[in-house]
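Q: Take a look at this one; I'll ask things after.
The values are calculated or read from the model by the stated rules, or taken from the named source; none is laboratory data. All values reported here derive from a predicted model rather than from experimental measurement. A quick note on method: Cβ atoms are made from the backbone with ideal geometry, for glycine too, and the neighbour counts reach across all protein chains shown. Ligands, DNA and RNA are stripped out before the accessible areas are found, and what is left, the full protein with its side chains, is counted by its heavy atoms. Shrake-Rupley method; radii C 1.70, N 1.55, O 1.52, S 1.80 Å.
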Amino acid sequence: MRPGPDEVLHFSEDPTITLFSPHVAATARQAEPYVWAVDAARAPDYWFPRDCPRAMAWVVPTTTRADRDLVLGPGGGDRVHAVEYDWLARMMTVELYAYRLPAAPFRPIGEPVAHAMVAMENVEPLGPPEPVGDLLALHRTAGIQLRVLDTLWGFWNAVVGSSLGFSGIRMRNARPRPAG
């Protein structure tokens, strides 16, 4: 599930949204109200239930061979997503929808690399939401490793200390960090 040309996507478990209005998200680091969406490159970051904690890593031009081998493993492709066992059943049963939105009102946000697209005006979807479908199959088809771990923290520590690109979403919902 990726946006088409001149589109961005908004993923939601709510299939009844008819208008996206700028708001300050409860988890936002910015005080400005935005409508949030993602481009094709960041769409896989949202192939999860909304509140599911996930740690993700991918190859960037400056990734070393040693870091690639350590984090992705042999034959591991270019990207890996990790979730906790406690979320696997929810991943397999969630009804997730993608809203296609016009890209024109959106601009990239995030430094040094954009992690999302934002608009500061109301945005109407281009049509009804589309069911995303089987999230595990979506990962497989996209060639993204999906790891299921007892806790995300060991993986997260390895990723943030590496030369890979990475993102963590809803990490506050992860199991507590192990002591020590």
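Q: For the chain, which whole-number percentage of the solvent-accessible area (1.4 Å probe, protein heavy atoms only) is attributable to carbon and sulfur atoms?
A: 54
Q: So, one more: Taking all protein chains together and a probe of 1.4 Å, list VAL94, VAL113, VAL59 from the most accessible to the least accessible.
A: VAL113, VAL59, VAL94
Q: List the pair-distance distribution P(r) of the stretch 59-104, using every Cα-Cα distance, as the percent of pairs falling in each 10 Å bin from 0 up to the bin containing the longest distance, rounded to whole percents.
A: Pairs per bin, as whole percents: 19, 27, 30, 23, 0.
Q: For MET171, MET91, give me the order by solvent-accessible area with a 1.4 Å probe, most accessible first, ignoring ligands, DNA and RNA.
A: In descending accessible area the options line up as MET171, MET91.
Q: Report, in debye and to the nearest 20, how large the dipole of the stretch 73-180 comes out about its Cα centre when Lys and Arg carry +1 and Asp and Glu carry -1 on their Cβ.
A: With Lys and Arg at +1 and Asp and Glu at -1, about 300 debye.
Q: Taking the stretch 129-168 as the region of interest, what is the percent of Cα-Cα pairs per 5 angstrom bin, listed from the shortest bin to the one with the maximum distance?
A: Reading upward from the zero bin: 5, 18, 19, 21, 19, 11, 5, 2.
Q: Suppose only helical runs count, i.e. DSSP H with n ≥ 4. What mean residue ellipticity at 222 nm does that imply for the chain under -39500 (n - 2.57) per run, divided by all residues and rounded to the nearest 500 deg cm²/dmol?
A: Dividing the helical sum by the residues of the chain leaves -3000 deg cm²/dmol.
Q: For the chain, what's the relative contact order in percent, using C-alpha pairs closer than 8 Å and at least 6 residues apart?
A: 34
Q: Using a 1.4 Å probe, how large is the accessible area of VAL71, given in Å² and rounded to the nearest 10?
A: Roll a 1.4 Å probe over it and VAL71 shows about 10 Å².
Q: Given the C-alpha centroids of the stretch 92-166 and the stretch 14-61, what is the distance between them in whole angstrom?
A: 7
Q: Treating each Cα of the chain as an identical point scatterer and ignoring solvent, apply the Debye formula and state log10 I(q)/I(0) at q = 0.12, 0.13, 0.15 Å⁻¹.
A: Evaluating at q = 0.12, 0.13, 0.15 Å⁻¹ gives log10 I(q)/I(0) of -0.59, -0.70, -0.93.
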